Amino acid sequence: MTDLATLSADYFADLLAFDPFGATAFGAPGHDDAVPDPSRAADRAQADRLAAFQARLDALTPPEDAVTPQDPVTRDMLERLHADQRAELATGLGVGAFEVGVTGTIAGPQNAVFAVVPTVRPAGEEAFAAYLRRLSALGGYFDALGARYEQAAREGRHSTATGVRQAVEQLRAYLASPLTGDPFLRPAAGDPDRLDRVAAAVARGVRPAVARFTGTLAALAGRDDDRVGICHVPGGDEAYAAATRSHTSTSLSPEELHRLGLDQLARTHEEFAALGGRVFGTSDVTEVLRRLREDTSLRFDTAEQIVATATAALDRARAALPRWFHRYDIAPCEVRPMHEVEAENCTLAYYLPPADDGSRPGAHVVNTHDPRSRPRYEYEALAFHESVPGHHLQLALAQSSGDLPGFRRFSYVTAHAEGWGLYSERLADEMGLYSDDLTRMGMLSFDAWRASRLVVDTGMHHFGWSRDRAVAFLRDGTALSERNVRNEIDRYIAWPGQATAYLVGRLRIEELRARAERALGARFDIRDFHHQVLANGAVPLDTLTTVVDRWIAG
């Protein structure tokens, strides 16, 4: 399958060139001087290239003639990824429908700039020169992004007024912040000459471009809070169908996803009732959720406490790994507080993979903004999801797997990647990692949150719910704070379909584990099962099913 290897390499190179910020986020070398082209013309060109890749794939030798065990998996992944990406691009709204997704949340393109660009650690002068070239190119990127939003608005494709307002407030706060604390200065820390050169580039190019972009956004009209779903945008129904197929890597309809969320939420509330009796002396779910949300004694006092909690959880998880996983030589992981320019409207945390060249570790980036609003019981489950045994173990292991094609070492298939993260929260309970029943409440809170996501995401984008209705449902069904509820809903508004993948992926992994336990009986080894789930990188759920079934049969 030499032709398959060549096609895989060509596809990966094209993918990195199309999304150089993604290349930096995943630590893939060679793109730290580039910025994406956010124009519709670039999307059309990408769709044409994907069609050409599919034609090449169709012309290859039959799958049954595969040379290595990984070839069928690679081929199956290419088939699915090509189809999903082309379907999203065909809607004209861009990948993730970002054309109508102006937001101050993690889904906003400007947040990819703030979160990813400063993560590079340029070791030599050429690497530092590449960083300066990227800073110089950001002006053109922000101008082109603003032009895309203006083009969409002229055609009646509007972002939400709330998203526009939040993005403008975020960017104005960045522009008002002192240059000495600018996030783009981080790669030059400790070197006065480099600091001066970066500061000059930021002051001369980046900040004026952000100011122009902010002005563009401030002039945009926006959909009101009663019409936040993408179903209210021309082409939105097709875009949402493509998004849910891509993120879940299934053919589940919005109606099926909605019902699945309601059913799983009911099951989680039963667990809340049982655990609530031990923790709070009541089995009334409404009262349990009220206590979790409103009891200020359950919150942090300082940002340092948040970082310390996440770090301690990571340390416990690392110590427990040998009983549950094979030993792997992977990059280290660190806990790092989120920069303030991102934090106010951002999620609780996110994960950044290590650089492939070893220049930076993986990072569990935690939101420490306003610590007295953040419940202590949530941050252990969060650490297990984002670091170990969750995303860090998963993604760093994939990067270290030299027998995988490049695009698979750095792939991110939402349902598998986030399904594993959510599975890890429950697995951590089996591993005995939670400190007490209160922190196990955090696990249940997150379960309720992910089930509710299915309901509110489909509710807004398919059934046409208002923002207020979605906020009320998420608040009433979970223990999330009012701040996090609103941040999460605004993220789902701006990133249609992504939130539906978490629970779908976890349920498939749990189903496959139960199937393996039944089939193998005493021969079942949890370390071997986890290896099958992780060692192939992130793959579509049907591909994962084939992998596990083949392992069981063998």
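Which number in (1) over 16 Å from residue 421 (Cα atoms); (2) modelled with pLDDT of 95 or more marks the one condition that residue 444 misses? Exception for residue 444: condition (1). Report, by residue number, each residue of the range 241-279 that is among the polar types (S, T, N, Q), closer than 20 Å to residue 493 by Cα and outside any loop (DSSP other than H, G, I, E, B). 244, 246, 248 - these are the residues of the range 241-279 that are among the polar types (S, T, N, Q), closer than 20 Å to residue 493 by Cα and outside any loop (DSSP other than H, G, I, E, B). Restricting the range 47-100 to residues that are surrounded by 21 or more Cβ atoms within 10 Å (Cβ to Cβ) and over 19 Å from residue 411 (Cβ atoms), the residue that is farthest from the chain's Cα centre (by Cα) is 91.
Criterion applied to 469, 527, 518, 483 was being farther than 27 Å from residue 349 by Cα, in contact with a helix residue (DSSP H, G or I) (Cβ under 9 Å, 6 or more places away or on another chain) and in a helix (DSSP H, G or I), and the one residue passing it is 527. Beta carbons closer than 6 Å, at least 6 apart along the sequence or on distinct chains, pair a first residue in the range 227-256 that is surrounded by fewer than 18 Cβ atoms within 10 Å (Cβ to Cβ) and charged (D, E, K, R) with a second that is part of a loop (DSSP other than H, G, I, E, B) and modelled with pLDDT under 95 for 238/91. In the set (1) touching a Lys or Arg at 6+ places or on another chain (Cβ under 7 Å); (2) modelled with pLDDT of 95 or more; (3) of a type outside the set (Phe, Trp, Tyr); (4) closer than 26 Å to residue 32 by Cβ, the condition left unmet by residue 161 is number (4). Taking the numbered list (1) at pLDDT 95 or above; (2) in contact with a His (Cβ under 7 Å, 6 or more places away or on another chain) in turn, residue 321 passes all entries but (2). Looking only at the range 520-539, how many residues end up being surrounded by 14 or more Cβ atoms within 10 Å (Cβ to Cβ) and more than 21 Å from residue 396 (Cβ to Cβ)? Total satisfying the criteria: 2.
Being in contact with a Phe, Trp or Tyr (Cβ under 9 Å, 6 or more places away or on another chain) and either outside any loop (DSSP other than H, G, I, E, B) or closer than 12 Å to residue 437 by Cβ (or both) is the filter here, so list the residues in the range 280-294 that pass it. Talk me through it step by step, then tell me what you get.
The first filter runs over the range 280-294 and keeps only residues in contact with a Phe, Trp or Tyr (Cβ under 9 Å, 6 or more places away or on another chain), leaving 283, 285, 287-289, 291-292.
Passing the criteria: 285, 287, 288, 289, 291, 292.
Candidates are the residues of the range 188-221 that are under 29 Å from the mean Cα position of the chain (by Cα) and at pLDDT below 95; the one that is farthest from residue 38 (Cα to Cα) is 189.
Residue under question is residue 503, and the condition is that it be crowded, with 24+ Cβ neighbours inside 10 Å, modelled with pLDDT of 95 or more, over 19 Å from the mean Cα position of the chain (by Cα) and more than 23 Å from residue 102 (Cβ to Cβ); does it hold?
Working: crowded, with 24+ Cβ neighbours inside 10 Å: yes; modelled with pLDDT of 95 or more: yes; over 19 Å from the mean Cα position of the chain (by Cα): no; more than 23 Å from residue 102 (Cβ to Cβ): yes.
So residue 503 fails the test.
Here the range 26-35 is the region considered, the condition is being in contact (Cβ under 8 Å) with a residue 24 or more places away in the chain and surrounded by fewer than 20 Cβ atoms within 10 Å (Cβ to Cβ), and the residue that is farthest from residue 361 (Cα to Cα) is 34.
Report whether or not residue 363 is closer than 23 Å to residue 183 by Cβ, buried (at least 17 other Cβ atoms within 10 Å of the Cβ) and either among the hydroxyl-bearing types (Ser, Thr, Tyr) or touching a Phe, Trp or Tyr at 6+ places or on another chain (Cβ under 8 Å) (or both). In short, yes.
Counting residues in the range 201-222 that are in contact (Cβ under 8 Å) with a residue 24 or more places away in the chain, among the basic types (Lys, Arg) and in a loop (DSSP other than H, G, I, E, B) gives zero. Just one of the listed residues (117, 164, 168) is assigned to a helix (DSSP H, G or I) and surrounded by fewer than 22 Cβ atoms within 10 Å (Cβ to Cβ), namely 168.
Checking each residue in the range 295-323 for being part of a helix (DSSP H, G or I), among the charged types (D, E, K, R) and either over 19 Å from residue 428 (Cβ atoms) or in contact (Cβ under 8 Å) with a residue 60 or more places away in the chain (or both) picks out 304, 316, 318, 323.
The values are calculated or read from the model by the stated rules, or taken from the named source; none is laboratory data. All figures in this text were calculated on a predicted structure; none of them were measured in a lab. Quick reminder, even Gly has a Cβ in these numbers, built from the backbone with ideal geometry, and neighbours come from all protein chains shown.
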